[in-house]
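Have a look at the structure below before the remarks.
The values are calculated or read from the model by the stated rules, or taken from the named source; none is laboratory data. Worth saying up front: this structure is predicted, and the values here are computed from it rather than measured. No Cβ is skipped: glycine too gets one built from the backbone with ideal geometry, and neighbour counts run over all protein chains shown. SASA here: full protein model, heavy atoms, side chains in, ligands and nucleic acids out. Shrake-Rupley method; radii C 1.70, N 1.55, O 1.52, S 1.80 Å.
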Amino acid sequence: MFQKTTGIVLHSLKYNDTTNIVDIYTELFGRLSFLVSASRSRKSAVKYVLFQPLSIIEIEANIRPNVNLHRIREAKSAFPFMTLPYDPYKSAIALFLAEFLYRSVREEAENRPLFAYLRHSIIWLDICHENFANFHLVFLMRLSRFLGLYPNVDDYQKGDYFDLLNASFTSIRPQVHTFYIGGDEAYRVTRLMRMNYETMHLFPMSRTERARCLVIMNDYYRLHIPGFPELKSLSILQELFD
């Protein structure tokens with residue numbers, strides 16, 4: 001039956017000469033895949049230009065249980081971007097986060113708190129004018145809460161190691177694996193956990209430190225999400241911010 005919902009575009013893949021498969025994280029149904037016409041006609045009820053990375057759209061679609069690919073009847077923008085597609089730094093962040101979410105958020109069930117978090121974060125990035133260099137780091141750290149991967153930080157003491165595999169701090173260097181960080185890098189993880197979008201500019205980091213934090217967080221997710229691949233957009237983001 002046809003139902004209306006708001007969604008966030010994660011990924012688009014060419015299916016054939018006339019159709020693309022678009023993965024969208026929806027407010028009411030979780031992640032779903034849709035067949036979308038690749039036509040760029042002005043008369044089309046579903047304009048393909050709407051399906052850019054992290055676009056927030058309202059759709060009416062024929063959503064049926066036990067079906068892998070659904071059909072969209074109508075689509076329109078739910079939040080027209082003002083800066084995200086036009087700012088090269090924001091665009092690089094959006095491309096990276098869309099790919100990250102495509103690989104990490106897999107649940108096909110309603111999760112309104114997660115959807116609200118994603119929507120709020122995307123809009124914040126679009127409307128902010130400065131001090132967003134740490135945005136992707138804060139986004140990934142807070143995303144881990146919704147995915148059940150938030151580290152245990154209660155017992156941190158200066159000089160502790162951060163055990164990436166067991167998601168906790170320890171005063172003893174792990175002996176059975178090499179997935180850990182120590183010293184300033186471990187301390188920097190605790191600083192990331194204290195940041196939010198409004199305060200992150202108060203925690204200055206150099207480009208080298210920021211790039212290293214991104215690698216650590218990417219490694220952390222790869223350890224805890226089965227099949228999580230190397231992200232193509234990661235190198236693009238690092239090069240741009242370098």
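Assorted remarks:
- Listed by first and then second residue, the pairs with beta-carbon distance under 9 Å, at least 6 apart or on different chains, first residue in the range 19-32 and at negative phi, second outside any strand (DSSP E or B) and among the β-branched types (Val, Ile, Thr), are Tyr25/Val105; Thr26/Ile63; Leu28/Ile63; Phe29/Ile63; Arg31/Val105; Leu32/Ile63.
Per-residue answers, yes or no, for (1) surrounded by fewer than 18 Cβ atoms within 10 Å (Cβ to Cβ); (2) basic (Lys, Arg); (3) more than 14 Å from the chain's Cα centre (by Cα):
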| site | (1), (2), (3) |
| --- | --- |
| Gln3 | yes, no, yes |
| Leu13 | yes, no, yes |
| Pro53 | no, no, no |
| Glu60 | yes, no, yes |
| Arg73 | yes, yes, yes |
| Lys76 | yes, yes, yes |
| Tyr86 | yes, no, yes |
| Tyr89 | yes, no, yes |
| Ala109 | yes, no, yes |
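- Residue count for the range 52-100 under the criterion of being of a type in the set (D, E, K, R) and free of Cβ contacts under 8 Å to residues at least 24 places away in the same chain: the result is 1.
Here's the yes/no breakdown for (1) in contact with a His (Cβ under 9 Å, 6 or more places away or on another chain); (2) of a type in the set (Lys, Arg); (3) more than 25 Å from Ile225 (Cα to Cα):
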| residue | (1), (2), (3) |
| --- | --- |
| Gly30 | no, no, no |
| Arg71 | no, yes, yes |
| Tyr86 | no, no, yes |
| Pro113 | no, no, no |
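- When the range 152-185 is filtered for residues that are over 23 Å from the mean Cα position of the chain (by Cα), aliphatic (A, V, I, L, M) and not in a strand (DSSP E or B), the ones remaining, listed by number, are Ile172, Val176.
- Any chance Arg145 is without any contact (Cβ under 8 Å) to a residue 12 or more places away in the chain and under 21 Å from Ile225 (Cβ atoms): yes
This table checks each residue for (1) closer than 29 Å to Ile127 by Cα; (2) among the hydrophobic types (A, V, I, L, M, F, W, C); (3) at pLDDT 90 or above; (4) open to solvent by 30 Å² or more (accessible area, probe 1.4 Å).
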position	(1), (2), (3), (4)
Gly159	no, no, yes, yes
Ile172	no, yes, yes, yes
Arg194	yes, no, no, yes
Pro204	yes, no, no, yes
Leu214	yes, yes, yes, no
Tyr220	no, no, yes, no
His224	no, no, yes, yes
Gly227	no, no, yes, yes
